[in-house]
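Notes follow once the structure below has been shown.
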Amino acid sequence: MDGISYILDVQSDIVKKHVDEGKFIPTTDFSKISQVDTLSICVPTPLRKTKDPDISYIVNAVNEIKKYFHKDLLIVLESTTYPGTTEELIQKEIEDMGYKVGEDFYLCFSPERVDPGNKKYNTKNTPKVIGGVTKRCLELAYLLYSNAIDTVIPVSSTKVAEMVKLLENTFRAVNIGLVNELAMMCDRMGIDIWEVVEAASTKPFGFMPFYPGPGIGGHCIPLDPQYLSWKARTYDFYNKFIDLASDINGNMPRYVVTKISEVLNRYKKCINDSFILILGMAYKKDVDDLRESPSLEIYKLLKEQGANLEYNDPYVKEFVDEDGNTVKSVELDYDDLQNYDCVVLCTDHSCYDYLKIAEKASIIIDTRNAFKGIVNKNIYKLGAPVYSENTSIYDYIKEVAATKERIDK
Ligand SMILES: NC(=O)c1ccc[n+]([C@@H]2O[C@H](COP(=O)([O-])OP(=O)(O)OC[C@H]3O[C@@H](n4cnc5c(N)ncnc54)[C@H](O)[C@@H]3O)[C@@H](O)[C@H]2O)c1
């Protein structure tokens, strides 16, 4: 109502401008539905503890829509969900009230493709996929979204549009799972996975870099593939890639903790009673989103093993741990870093001064290659031999190019 945004990369001044101009009217009053022509549903689609889809938010939203439904309403579901949801949970419910889709009301699915923190791609310049239950449904939604989005991609059905989103996020989860598995293997083989990925990325075709890390987080990548595999099981189909990726990615926090234990062991220390600082609680750099963040799991595992823990995150001022305690972010005093037995870099926020951290901290566990290019024997990277020079492939390329230039002269 005051135009204050609670989302880090949505600026309050823009929200306020639209609120002041009466173009954006946030409300929890569902009776407003009776006054609007179109509705986009963007409610959360989490998982239950059993990893089954929790579609209660969609069901609740549809129940409210039914109360204030009127003819000619265009409804677009945007929440990520399993193929068939739009037809099963919305079309059926409204047709049961005696209205016909494509004639009395219009229904589409169009997945959200937001990448929080991405400076280049926003809602306007990210192509938007839309599938309608009927041709008329698609036409109307196409016209609506074309007003605001540069490129709208129509597809033949709501199921295709639902599946598009799940393919995109399953693709990411599986590829991150693959590179995480290779990171653990490289660690054992004494090869630096980061250098391998960097060099492989110089191939201009047929390769796309994915990077290892402490695990996957956020509301999408860890959850969405589970929606697909849940639905697939109702067809007696078992998605082995999804299960495998989920297993590998889900175990990365344990791998990080094992790495911490191994490194401390080299210094004749153990996790129990060590003073450990976690840098970065958010699930990825420069965002304040804690959902499914692997840092939370690392925090929990280290605590279980008796560590004296603190954390710093400029974007996450506090969180509630497994035992219900509120844990507050400590100030990052670079001069104080030497007092920790170990500093664990979980989220590579851009605002951290990595050179200073490398100078001051006694032992660093780097789960993101955030200290790339900084040569310091006390930096231990995930997916790399215990001591790595951190030399970039591009440094070698530059050296070779310089040699060639000398020879040419
Ligand atoms: N956040 C992202 O970056 C992102 C990206 C792509 C897709 N998605 C998908 O978009 C959907 C929403 O994700 P989110 O991160 O915005 O979730 P969120 O948890 O921030 O919730 C979105 C909004 O839904 C509202 N809400 C909850 N129940 C409601 C109800 N019954 N009626 C009306 N409003 C209700 C909440 O108040 C909140 O404002 C999910 O399906 C997610 O998978 C999210």
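No value in this document is a laboratory result; all are computed from the given coordinates. What you see is a predicted model, and the numbers here were worked out from it, not measured in a lab. Every residue, glycine as well, gets a Cβ built from its backbone with ideal geometry; the counts of neighbours run over all protein chains shown.
Brief remarks follow.
- The helix-based estimate of mean residue ellipticity at 222 nm for the chain, built from -39,500 (n - 2.57) per DSSP H run of four or more residues and divided by its residue count, is -11500 deg cm²/dmol to the nearest 500.
- Residues in the range 269-288 reached by a label modelled at residue 328 [backbone nitrogen below 11 Å; 7 Å Cα→Cβ]: none
- Amide H contacts under 5 Å for residue 102: 107, restricted to partners 5 or more places along the chain or on a different chain, H placed in the peptide plane at 1.01 Å from N.
- Selected from 149, 99, 199, residue furthest toward positive end of dipole (the chain; charges at beta carbon): 199
- Note that the range 366-372 has calculated 3J(HN,Hα) couplings of 10, 8, 10, 6, 6, 9, 3 Hz, one per residue in order, obtained from phi through the Karplus relation 6.51 cos²θ - 1.76 cosθ + 1.60 (θ = phi - 60°); glycine and proline are x.
- Applying a DSSP loop filter and a limit of 14 other Cβ atoms within 10 Å to the trypsin sites (Lys or Arg not before Pro) in the range 261-326 leaves 268, 317.
- Taking amide H as placed 1.01 Å from N in the peptide plane, residue 217 has no amide H partner under 5 Å among residues 5 or more places away or on another chain.
- Compared with the dominant Cα axis of the chain, that is its longest principal axis, helix 224-233 is turned about 60°.
- Within the chain: Cβ-based charge dipole about Cα centre, in debye rounded to nearest 20 (Lys, Arg +1; Asp, Glu -1): 860
- Stretching the chain fully between residue 52 and residue 261 yields a gain of 71.9 nm (0.36 nm per residue, less the alpha carbon separation).
- Listed residue pairs exceeding 31 Å between alpha carbons, taken from 49/360; 303/372; 23/51; 51/303; 317/372; 16/360: 49/360; 23/51; 16/360
- Length-normalised contact order of the chain in % [C-alpha pairs under 8 Å, at least 6 apart]: 12
- Those residues of the range 302-317 whose amide nitrogen sits under 15 Å from the label point placed on residue 272, 7 Å along Cα→Cβ: 302-308
- Sorting the segments 84-94, 140-150 by their residues' average number of neighbouring beta-carbon atoms within 10 angstrom, most packed first, yields 84-94, 140-150.
- About the centre of its Cα atoms, the range 170-393 shows a dipole size close to 620 debye [charges on the beta carbon of Lys, Arg (+1) and Asp, Glu (-1) only; nearest 20 debye].
- Distance cut-off 18 Å, percentage of C-alpha pairs in the range 137-278 lying past it: 69
- Amide H contacts of residue 38 (H built 1.01 Å from N, under 5 Å, at least 5 apart or other chain): 74
- Only one residue of 376, 347, 357 has its Cα farthest out toward the positive end of the dipole of the range 288-384, where Lys and Arg carry +1 and Asp and Glu -1 on Cβ, and that residue is 376.
- The base-10 log of I(q)/I(0) for the chain, evaluated at q = 0.07, 0.09 Å⁻¹, reads -0.42, -0.67 [Debye formula, identical scatterers on Cα atoms, solvent excluded].
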